[in-house]
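Reading through the structure tokens given below for one structure.
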Amino acid sequence: MQRYFISKNQFVENKVHIEDEDAFHLIKVMRAKIEDQFIVSDGETRDVLVEIEEITKSKVIASIIKDLDRINEPNINVWIAQSLPKGDKMDAIIQKSTEIGAIQFIPFISERTIVQYDEKKKNKRMERWNKIAKEAAEQAHRNRVPQIKGISTWPELLKVISDADTSFVFYENEDHIYLKDIISRKKTDHESIPTFLMIIGPEGGFTEKEILELEEAGCQSVSLGKRILRTETAAMVGLTCLLYEYGEMGGV
């Protein structure tokens, strides 16, 4: 069933007002009709099943049938800190990792980042990423849309490490400690929902100096296996492994 994320002010008494791109999608793409049903979420506290009662050229008004249980979020919070990759790879990382279950993205600049960051294009870039995250969350039937932070400098990234319960950096030269080794020791550490920060380097990887700085800030260097993964692959593989180990994909 189709799902849309809307703002709280679009909930009006026992109805919801679908506007802008969401209304266009319902009317023109989905060919919605009176009495069609779909799901609406405010992305924070409420998911509801609604039924269309009015369609105009630019708006769809639907009545709320019932509130739904919010059960589609992982039992852990995973933040992905990603050094900006080339081309549209960040788009793919946000899309696929949102589908898998990431809750926050932190793009950052590191020493070997190839992308030339243009401050003038910042707003358009953030707008595109947020749109990708929203659409991916809708497709995956998430209960919330992941947050995408502004692009961080290296010193800003180092400060974020202490905000998470556990932080990993995936490092191709690490051959003794694997992600599973760390997770198995962390499962019993938290009574509440734990927050994990996964840090992924750019196409050229991290420098030894950067790895040392990350470790000094409290980040654990781990391996994802013997094969070298592309930067866009590492985020998805690491996230999937982490959620599997916490029982989100059949793990134990």
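Taking only the alpha carbons of the chain, what extent do you get along each of the three principal axes, in Å, biggest first?
61, 44, 29
Taking 0.36 nm per residue of separation and subtracting the Cα-Cα distance, what length does fully extending S223 through E19 add?
So the extension gain works out to 68.9 nm.
Hydropathy at least 0.0 by Kyte-Doolittle, axial extent at least 20 angstrom from the Cα trace: which helices of the chain, defined as entire DSSP H runs, fit?
231-245
Once the Cα atoms of the stretch 105-164 are picked out, what are the Rg and Dmax in Å?
That works out to 13.5, 37 Å for Rg and Dmax.
Please list, by residue number, everything in the stretch 1-38 whose backbone N is under 17 Å from a paramagnetic label point 7 Å out along Cα→Cβ of E53.
Label zone hits: 10-19, 33-38.
Identify, among F5, I52, M30, the residue whose Cα sits farthest towards the positive end of the charge dipole of the stretch 3-68, taking +1 on the Cβ of Lys and Arg and -1 on the Cβ of Asp and Glu, with the dipole about the Cα centre.
After comparing all options, I get M30.
Can you list the lysines whose alpha carbon sits under 22 Å from that of K131, skipping same-chain ones fewer than 8 residues off?
Candidates past the 8-residue exclusion: K8, K28, K59, K86, K89, K96, K120, K121, K122, K149.
Which whole-number value in Å³ per residue fits the convex hull of the alpha carbons of the stretch 3-68?
Working: hull volume 4.9 nm³, N = 66.
Normalising the Cα hull of the stretch 3-68 by residue number yields 74 Å³.
Per residue, what volume in Å³ does the convex hull of the Cα atoms of the stretch 108-252 enclose?
Given the Cα convex hull of the stretch 108-252, per-residue volume reads 133 Å³.
Report, in debye and to the nearest 20, how large the dipole of the chain comes out about its Cα centre when Lys and Arg carry +1 and Asp and Glu carry -1 on their Cβ.
I would put it at about 660 debye.
Each reported figure results from applying straightforward, stated rules to the coordinates on display, with no laboratory input. Quantities reported herein were computed from a predicted structural model and do not represent experimental measurements. Glycine also receives a Cβ, built like all others from the backbone with ideal geometry; neighbour counts cover every protein chain displayed.
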